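J.: Take this structure first; my questions come after.
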Amino acid sequence: MAKRSGYQFSNHEKTSTHTSHTDGTEPAAQKPPTNQSRRSFLRASAIAGIASLGALTAASGSASAFHEGYDDVVNVVDAGADPTGSESITPVLEDIRADNTAFEFPEGEYYMDEQFRFTNYENIGFFGHDATIIPANFYDFHGPQFRLFRLGTYLNPGKRLRFEGFERYSSQKKNGDKDTPDHSNKSSSSY
């Protein structure tokens with residue numbers, strides 16, 4: 001077996017089989033080969049490029065990201081909800097309530113004076129785009145439970161619930177009176 005000059009890799013160990021040149025000069029320094037082949041480098045580069053493209057798409061398309069994973073997307077304003085905060089949206093939510101649905105709330109203020117109850121669902125989502133839900137005060141709220149949303153039950157809590165993109169409401173912000181106590185209701189209850 002002939003000897004080779006340079007580095008030889010065997011079982012992840014470097015073993016030098018370097019021989020001197022017969023003219024007495026040392027050979028030019030050789031870089032040891034890397035463990036990464038051109039194919040694996042290209043594969044890693046492609047994966048990194050796809051991942052960065054996915055992050056860019058997620059950042060730029062977050063408004064439409066909620067559409068995925070639902071059979072239906074309902075714009076509550078198109079369904080009849082008042083985005084000015086003058087009329088209760090609970091009857092509209094009751095009318096459009098359906099499983100595997102994303103409820104989209106465009107920018108606006110949405111008044112609720114009674115609880116929205118939804119049970120036996122598998123997958124629902126509520127997505128606000130600079131939307132604010134305004135609860136009725138304690139005295140004007142209808143029903144025994146002072147919650148805006150009551151979703152699922154103890155025995156059947158639902159599998160997937162998303163609630164995001166809503167601004168926090170403060171009654172003090174609405175009426176400008178800092179001495180008025182905040183009688184806003186609990187926003188939701190989910191089992």
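The values are calculated or read from the model by the stated rules, or taken from the named source; none is laboratory data. Computed from a predicted model, the values in this text were never measured in an experiment. So basically every Cβ, Gly included, is an ideal-geometry build from the backbone, and we count neighbours across all protein chains shown.
J.: Can you tell me which residue is surrounded by the fewest Cβ atoms within 10 Å (Cβ to Cβ) among those in region 122-153 that are in contact with a Leu (Cβ under 7 Å, 6 or more places away or on another chain) and over 16 Å from Val74 (Cα atoms)?
T.: This residue is Leu151.
Residue-by-condition table, conditions (1) assigned to a strand (DSSP E or B); (2) hydroxyl-bearing (Ser, Thr, Tyr); (3) at pLDDT 95 or above:
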position	(1), (2), (3)
Glu104	yes, no, yes
Glu109	yes, no, yes
Arg117	yes, no, no
Asn120	no, no, no
His129	yes, no, no
Asp140	no, no, no
Gln145	no, no, no
Leu148	yes, no, no
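J.: Picking from Pro135, Pro157, which residue would you name as being modelled with pLDDT of 85 or more, over 21 Å from Glu114 (Cβ atoms) and more than 20 Å from the chain's Cα centre (by Cα)? Full working, then the answer.
T.: Working: Pro135 fails: over 21 Å from Glu114 (Cβ atoms).
Of Pro135, Pro157, the one residue that is modelled with pLDDT of 85 or more, over 21 Å from Glu114 (Cβ atoms) and more than 20 Å from the chain's Cα centre (by Cα) is Pro157.
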